[in-house]
Structures are given as C-alpha cells and as structure tokens.
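Report on the structure given below.
Where a number appears in this text, it was derived from the coordinates with a stated rule and is not lab data. Note that the structure is a prediction, hence the values are computed from the model and not measured. Virtual Cβ from ideal backbone geometry, glycine too; neighbours counted across all protein chains shown.
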C-alpha cells in the first residue's frame, strides 16, 4: 500500500514543472510518455545475457519496449570484466550490444542496484515482464583450511583485478614468488596462467589496467602449475586456450608423463574435439619445449587441494597440500576418489579457479542454493508468473558467449510465446521506466543512460590512446559517474 | 622455437590489423601463406573484394534455424558471413565475433558434394568449429568460406532449433 502511494506520488512529480522533474522526464520518462502502450519488459543485468535477450525481444515485436538495469555505471558485464585483455576479438560482440543499447525502444539504466535501490516486486509492478540476467558474481570456495590467507585469490577476483572491475582494484596480488598454483583447469584457469606468464610486450597495447600491467612487468612468477582433480581426458579447457599456452614465447611445458599413462591408447575412441585437445596435450608432454626457457607451466592431474600451508609465522600462504586421487569410471562422468596420499607444493600465489557462483538477488525470487541458480522451466521462473531468467543465473556459470547467446534467445522466445498466448496480461498499461526512474529519484538514485556510458567510453579510449593502449579503464565508480553526468 | 616466434609475430600482426580496422588492408593478398606455416593462413576479417560489382553473381540458398529459406544472389569473393550480414538474412546471432575465429556462431552446414570441394580447414577454424552447436560432418564456419562460381545453386543450413539437446550439450562444456 505504501509502495503504491509512493509510486503514485512519484508519477505526480513528473507532471510538475520543476527543473528537476523536467530533467527526470528527459532522462527516463519521455520515452514512456510518448510511446504507445505496447508491452514493457525489464531486464536485470547488463551483460551478454541481458543484451542478447533484449535484442531478441526488440526484434520479435515492433512495439515492445525493453529497459535494461545494471548495477555498475558501465554495461557489458563479463565481456568487459571477464574476457582476457589479449582476446579483443571476443569483445567484438560489444558492437552488436551497442546497437541494441542505442535502439529507440531500448533504454539502459546503469548505476541501479536491483535488490537494494529497487525491489523485484516494484519492477514487476511497473513492467509486463521481468527477466533476470544478473549472472554469477560470487565464486565457489575450495572449503579448505588456510583459504583465507594472504596470497590466496579466487580467479574471479584476479581476473577482475587485471580487467579493471572497480571492486577488485585494491587486490594488490603479491607477484614476488617463483611458483603460482592454479586450482581448476577450465578456460578461466588458462587465461590466468597465460596473463601471468605472457611477455609484457604482448599485453602493453591491450585494455589491461595500467596497475596490473605494471605489477606484471615486475612479477617474479616463473612457474605456473594448473591443478585438476581428474585426468587429462576430463580437462575442461578448450583447444584454442591450450594452443596459446603451448605457443607462449620463452616458456616451456612441464608435465608429468605419469599423469598420461593409458591416454595414447584411449585416443582413437574419442570424439574429434576431445581427441584434438588430448593430442595437443600429448605433443606438449613429448616435446616439452626449450630447456633454456626462463618460464614454465604445466598441468598436474589427479590432485585436489586439502589445505593452504602457511609459513613459520603463519602470516601468509607459502604452499599448498594436495591429495592424490584415482579415477573411477571414464569419460565426462569419471569420478575422483581419494587414495590417502598427499603432496605438498611450495608456492606463494594460489588462485582458485573452480567456478563462479550466482547469489540470490531478492527474497521475493525463488533460489536453489544447491545449484546456485534461479529455479526455472525453460527460462520461466518457478511459481512466479511474469518472471523469467537467462544466462548464467538460469543454467549455471559455464559456457562461452555464444552459449549465453543461444540461451538468451531461448528465454526471449518463451517470453514472446507467453505474450502471444495471453499468459501475460498486456491489456493493462504499465508505466515502465517512467515510474521506476521517479521512484529511484525519491531514493537519491540516478541512472546512467546509454548515451552517458558513451561519454565514459570515449574518456577511456582517450586515456588509452595517450598510453598506447586500446583503452584505459576507469577503476572508480565515482569517477565514472562524474564523467557520465558531466 | 622459431615456429613459436612466428606464431607470436603472426598473432601480433593480426591483432594490429583487427584493432586498427583498416578495411582496405584486409585484402586476401595480405594474408598469404607464410613459408614457415604448413597451412594456408586463415582469413581473419570479413571484407568483400573492393570491386565487388564486377564479380559474378552466384545463387545461394540459406535455410535458417526455423527452416525458413532465403535465396540470394551473392558476389564471388565474399565470405558467407559477409553475405548474411550484407543481405540482412534472418539468422539469429550470426557472426558474433565478426569473422575473427573467436566464436562458432557463423556455423553452416553444407551439402556433401559442396563440402568436399571446399578448401581445407586450418587448425584455428577446426578449433572453433569443434565447439559449435549441432556440428555435422559437413560443417564449416561461414567466415572462412569464400563464394566461388561453382557454388551456384548450393544450399546451406544452420542447425535447426532443438532446445533440449542444446541445453544438455552446452551444459557439458566449460567457459
């Protein structure tokens, strides 16, 4: 009741003649006031899932308005903060997202924290449908003693650090140790290994943050071990990333032939993708690489972390204790079983790359804590009409951008089907951004529009140019806002 | 060691080309096979011939994810990715990485007789193709296939929409 009064009061404010209201109307209300009463959809999360879902919704019906809400002032999610700096081609999708952001029926609202600044229920009142596309901002923990010691980082935070995620800018990883151990063998683990060992020349023209570049330039890390619970045939990375490790200059591969027993015989029965990946690994084992190479990297299989070891003073990580496993079963479903044997590895940098994890956004939204996703049936949130989900929060935090793209298209299709089947009541007019912007204003929250993000974008490219880089990302949210609203 | 250095130099060169987006430089001639490479260097950007209008017109049929067929006349020398973009064909999410061999969304399925006559794939194409949804024995990435006269009348498909299978398949892959 209070909320409805608040909203009514807020809508009344828009019709007032104060300059504040006029600015409000210009920023969020105009589209709502002038466009026809077509369906209004709200998307929570401005990463690939959000933009691809928006894209498909805009294409499918000529009168649907789509609003994207994003917590940060800047859009694009993991395309900006997750994809490695030396993979700029993967970021080309930003071009198609930009077209969506500029679409006349789409409006982007950055700097809005859904769950805190506005609730899901408030959004559901203002829109015909709400799509949750907020991804996975947490990470799975190893759950072992010593995990909290200095020197131990999640891959998510390490990647966020070199990619300029504002909340990771004070990470200050200590790179003065010779050996780094990465737990997990997916593409994120390989990205971290590659960034740790790549020559600075390879990175200095990318959009890696300047502070990370300087830290890496002074890094003493020379050896990176990438550790997995199971065997070579279960490794989760893909061949492109493995090729990049094999081709790293001034670096040799340091593998344990014992880890590869029986693998050569299994090759002939493997499907092509797994076969080529395994063959490339075997080649790296055999050839090893130039002994004179200063740096080395290697996989270590059949090992699970059981404890992070601290030095004599107990103040920081100086090693990791690994339990040796044996494999039961074969193929993708093989399981690691303990043998009881242990192995200690000296190292000063430990990076846990065992998966991202979604967290609940709002008590009103169902959440499955075991799978860490929003329970849903083909993108329709369980027991909650008008609420949908797409991307990692829907299916779990795996897959490349193309996977998320297909998934987002699926959710959009289901939503449109529901519109056409009358499952969503489109006969009721919904106020959309007009009401939400007004509501946010009463709470002291102001959104960053897409055209304002473009000012941040231009500033970053300009700063980058003077440093010979693709861009120099702003690390501070307040700085971003200052430029956006200047 | 030398192969590694060449590979690095090549990659750097490619990155510079891509970043500077100098369209006229992305001419087939600029990516001729380097003597030390065993395979033809892959096409790494999507540009049609500068004098497209004088190339001959070839009829190509595209069948999209919903089974809808579009027939278009295309210019020799363009890649199939160029065609889908220029002709604005209704194929969802085609060419996400814009022809840089960093995704598999321009995946196309060819008729066997056509597939057998296509130029062989380089490792980088196979690497990405192997991650494509609905991979077949006659699959290629559209950004790597250049239209030639003899393709006149061919039909290419994208995988049909089968939601459950895709969900299960993709769940097995990692990032």
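Peptide A:235-242 shows a mean partner chain C-beta count of 4 within 10 Å per residue C-beta. Summarised as an ellipsoid, segment A:75-230 has semi-axes of 33, 20, 14 Å, derived from the eigenvalues of the Cα gyration tensor scaled by 5 and square-rooted, with the largest first.
Counting neighbouring beta carbons within 10 Å and listing from fewest to most, the residues A:392, A:297, B:150 come out as B:150, A:297, A:392. With the cut-off at 12 Å, report for segment A:38-88 the share of all Cα pairs above it, as a whole percent. Summing the P(r) tail past 12 Å for segment A:38-88 gives 64 percent.
With each label modelled as a point 7 angstrom along the Cα→C-beta vector, the residue B:136-residue B:88 pair spans 2.9 nm. For peptide B:127-137, the mean count of partner chain Cβ atoms within 10 Å of a residue's Cβ comes to 4. Diffusion coefficient (Stokes-Einstein, Kirkwood radius over C-alpha pairs, 10 °C, 1.306 mPa s) for segment A:301-344: 136 µm²/s, rounded to a whole number. Over 40 Å apart: what share of the alpha carbon pairs of chain A falls there, rounded to a whole percent? Result: 28 percent of Cα pairs exceed 40 Å. For segment A:204-261, the alpha-carbon radius of gyration amounts to 1.44 times the rule-of-thumb value 2.2 N^0.38 Å expected for a compact globular protein. Rounded, prolate or oblate: pick one for segment A:227-351, where a ≥ b ≥ c are the square roots of the eigenvalues of its C-alpha gyration tensor, a/c under 1.5 means rounded, and failing that, prolate if a/b is larger than b/c, else oblate. Judged from the Cα gyration tensor, segment A:227-351 comes out oblate (a/c at least 1.5, b/c at or above a/b). The helix-only estimate of mean residue ellipticity at 222 nm for chain A, built from DSSP H runs of length n ≥ 4 each weighted as -39500 (n - 2.57), is -10500 deg cm²/dmol after division by the residue total. Diagonalising the gyration tensor over the Cα atoms of segment A:141-352 and scaling each eigenvalue by 5 before taking the square root yields semi-axes of 27, 22, 15 Å, largest first. Against the empirical 2.2 N^0.38 Å (N residues), segment A:347-461 has a Cα radius of gyration ratio of 1.38.
Computed over segment B:57-171, the quotient of the alpha carbon radius of gyration and 2.2 N^0.38 Å is 1.00.
Using the alpha carbons alone, the radius of gyration of segment A:121-204 stands to its Kirkwood radius in an Rg to Rh ratio of 1.11. Remark: spin-label model distance residue A:482-residue A:339 equals 5.8 nm, labels positioned 7 Å along the Cα→Cβ axis.
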